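The values are calculated or read from the model by the stated rules, or taken from the named source; none is laboratory data. Note that the coordinates shown come from a computational prediction; the quantities given were computed from them, not determined experimentally. Here Cβ is always computed from backbone atoms with ideal geometry, including for glycine, and neighbour counts include all displayed protein chains. Just the protein is used for accessible areas: all its heavy atoms, side chains included, with ligands, DNA and RNA removed. Shrake-Rupley method; radii C 1.70, N 1.55, O 1.52, S 1.80 Å.
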Amino acid sequence: MAIQEDSVIVTRVSAPNSYGAVVIGGTFDRLHNGHRLFLKAAAELASHRIVVGVCDGPMLNKKQFRDLIQPIERRIHNVEDYIKSIKPELVVQVEPITDPYGPSIVDENLEAIVVSKETLPGGLSVNKKRAERGLSLLKLEVVDLVSDESSGDKLSSTALRKLEADKAQKLDEAHG
């Protein structure tokens, strides 16, 4: 894949304020420490603007315990509030996305995309689409995801939703 050779992948996160505008995407359900570190890394890299795509609609279809995902408005509000609390001077643009790309393939002023090792292929795919559209390629900033200290597993909203589902099931059984 030629685009991968052209993409600049930064595995050691760059200095603060390295880019005017960065983009990041995710579901951001039940904003937890993993999300906060991911969002903080992206915010620190941006000197002017951060664009956050929050998954909605068809992007949620394959999620486990989909019916327990917080409403899009709440997830957007939580992301905006968190970023503004850590870097109030940033222009924060948070919007729902219904495909894997959202604003990342139409916003010509973006300079970098923040990804995890797991989502790096998605970042490469964004650059492929940007190239097809004649837009500049984004630098790919790879952030390590946090593990849950107790189990060593990656912190995940899915695990939190599963706990909620299990708790509801136990309550049902106790009252059944």
When Asp144 is run through (1) of a type in the set (Asp, Glu); (2) open to solvent by 70 Å² or more (accessible area, probe 1.4 Å); (3) in a helix (DSSP H, G or I), the failure sits at (3)
Taking helices (runs of 4 or more DSSP H) that fall entirely within segment 1-102, which contain at least 2 residues that are modelled with pLDDT of 95 or more? 33-45, 72-86
Looking only at segment 41-78, count every residue that is among the charged types (D, E, K, R), within 16 Å of Leu90 (Cβ to Cβ) and open to solvent by 80 Å² or more (accessible area, probe 1.4 Å) and tell me the total. 1
Starting from segment 89-117, take each residue that is closer than 20 Å to Ala41 by Cα and among the hydroxyl-bearing types (Ser, Thr, Tyr) and list its partners that are open to solvent by 60 Å² or more (accessible area, probe 1.4 Å) and at pLDDT below 95, counting only C-beta distances under 9 angstrom and pairs at least six apart or across chains. Ser116/Asp144; Ser116/Leu145; Ser116/Lys154
Failed criterion for Gly53 (all others in (1) touching a residue at least 60 places away in the same chain (Cβ under 8 Å); (2) touching a Ser or Thr at 6+ places or on another chain (Cβ under 9 Å); (3) among the small types (Gly, Ala, Ser) hold): (1)
Against the condition surrounded by fewer than 19 Cβ atoms within 10 Å (Cβ to Cβ), part of a loop (DSSP other than H, G, I, E, B) and at pLDDT 95 or above, how does Asp107 come out, does it pass? yes
Regarding segment 113-128, can at least one residue be identified that is in contact with a helix residue (DSSP H, G or I) (Cβ under 8 Å, 6 or more places away or on another chain), of a type outside the set (Asp, Glu), in a loop (DSSP other than H, G, I, E, B) and within 19 Å of Leu39 (Cα to Cα)? yes
